[in-house]
Amino acid sequence: MWGKLFPSTSTGTQNLTGATSGQPKTVPYAPTVDYEQAVVHAVEAASPSVVSIIISKYLPVIEQCPYNPYQDLPPEFQDLFGGGGTQFYTQCQKGTKLQEVGGGSGFIVTSDGLILTNKHVVEDTKAEYTVLMNDGKKYTAKVLARDPVQDLAIVKIDATNLSVVTLGDSDGVKLGQTAIAIGNALGEFRNTVSVGVVSGLARTITAGGLRSGSSETLDNVIQTDAAINPGNSGGPLLNLKGEVIGIDTAVVSGAQSIGFAIPINRAKKDIQSVIASGTIKAPFLGVRYILVTPNLVKSNNLPVDYGALLKGNDSGTAVQSGSPAAKAGLKEGDVVLEVDGTKINDSHSLAYLVQQHNVGDVITLKVQRGKDVITLTATLVERPAS
């Protein structure tokens, strides 16, 4: 397939840097038509599995109702103020009505109706959700699980023999490769397609729900310049093979061509967990921490320049009582340097490394305590309900 898209023989080349032999390096010339066909085929493969998620709530019905502001006055005073013949109106509630309040996107991952989307799309527990298929059919949707750590959720519709997306491998995503976003742009334009490139990897962002005002930090997300508009949230980010490499999740407010997607490999465990148990079981260590930065090293006189400094805040203590971290012997002021041999840094936060494991896994922690480096082990448990 790739030989056809990017043939090794070509009629033109692009000069890059000089090779050691003195000859210029070249890259194969790919005809525009082949690239366009690849994009079209990728979209055609995924589109039947991309859905719109309609958010509805019972809201007050407000009408203009007549009223008499002088009704408590004696009749002679009502006539004096013109209350006898003048009609006045005020707003009043006439019951409630189910109304659309927003929209998002999602995509089908099993033929019997499991749909992956963003948690912030279906975060309102009092709302009702409807899935609008690519062919125009509508289904009532039930939220099966919301990931307590990542901006992911899984909903279910009562249907069979549905077209499903192909899940790719986000660990193999490269800078500069084509990225195709599909979604319900602006909550109005169903299956809108935009094309760009992967413009960044391993980004850390703070994303917030548009309706709740809540926010959470997302680590190791994909940055793309493919247009991601409000309403695209939960839709797939594709490669040229039509495989899902990410879940569109956020766009930088006020900026152009800066969107983010959660790598699809992060969601695979959630999908399998829901299939197996009906819920998303997230591993839990039980610490609060600050990622070590040069400023933190100076202000706290730390002996290391990387890791996670365990530190409490207004929300609670650094080490939660009775948690795996407490049982392992972690203390406030410790700097966790590594998890199973992987250093904690901008690309691999402590939370991210913990989430790569399953409930029940035993992890090995390399810890800086004062001038000493110690090794501790912790057995992860299921994250308690918030």
>> Cβ-Cβ distance below 8 Å, separation of 6 or more or different chains: which pairs start in segment 159-171 with a residue that is touching a residue at least 24 places away in the same chain (Cβ under 8 Å) and end on one that is assigned to a helix (DSSP H, G or I) and small (G, A, S)?
In response: L162/S49; S163/S49; V164/S49; V165/A46; V165/S49; T166/A45; T166/A46
> Limited to segment 130-186, what total is found for residues that are closer than 18 Å to I228 by Cα, assigned by TED's automatic domain parsing to the domain that holds D219 and in contact with a helix residue (DSSP H, G or I) (Cβ under 9 Å, 6 or more places away or on another chain)?
Replying inline: 3
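Taking the options T279, T317, name whichever one is under 15 Å from I154 (Cα atoms) and at pLDDT below 95.
Of the residues listed, the single one that is under 15 Å from I154 (Cα atoms) and at pLDDT below 95 is T279.
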> If only one of A207, A202 is surrounded by fewer than 22 Cβ atoms within 10 Å (Cβ to Cβ), modelled with pLDDT under 70 and of a type in the set (A, V, I, L, M), which one is it?
Replying inline: A207
> If only one of S386, S347 is out of contact with any strand residue (DSSP E or B) (no Cβ under 8 Å at 6 or more places or on another chain), at pLDDT below 95 and surrounded by fewer than 15 Cβ atoms within 10 Å (Cβ to Cβ), which one is it?
Replying inline: S386
> Taking strands (runs of 3 or more DSSP E) that fall entirely within segment 251-353, which contain at least 1 residues that are more than 28 Å from K174 (Cβ to Cβ)?
Replying inline: 289-291, 308-310, 335-339
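The values are calculated or read from the model by the stated rules, or taken from the named source; none is laboratory data. Given the structure is predicted, the values throughout are model-derived calculations rather than measurements. Ideal geometry is used to build each Cβ from the backbone, glycine not excepted, and the neighbour counts take in all protein chains shown.
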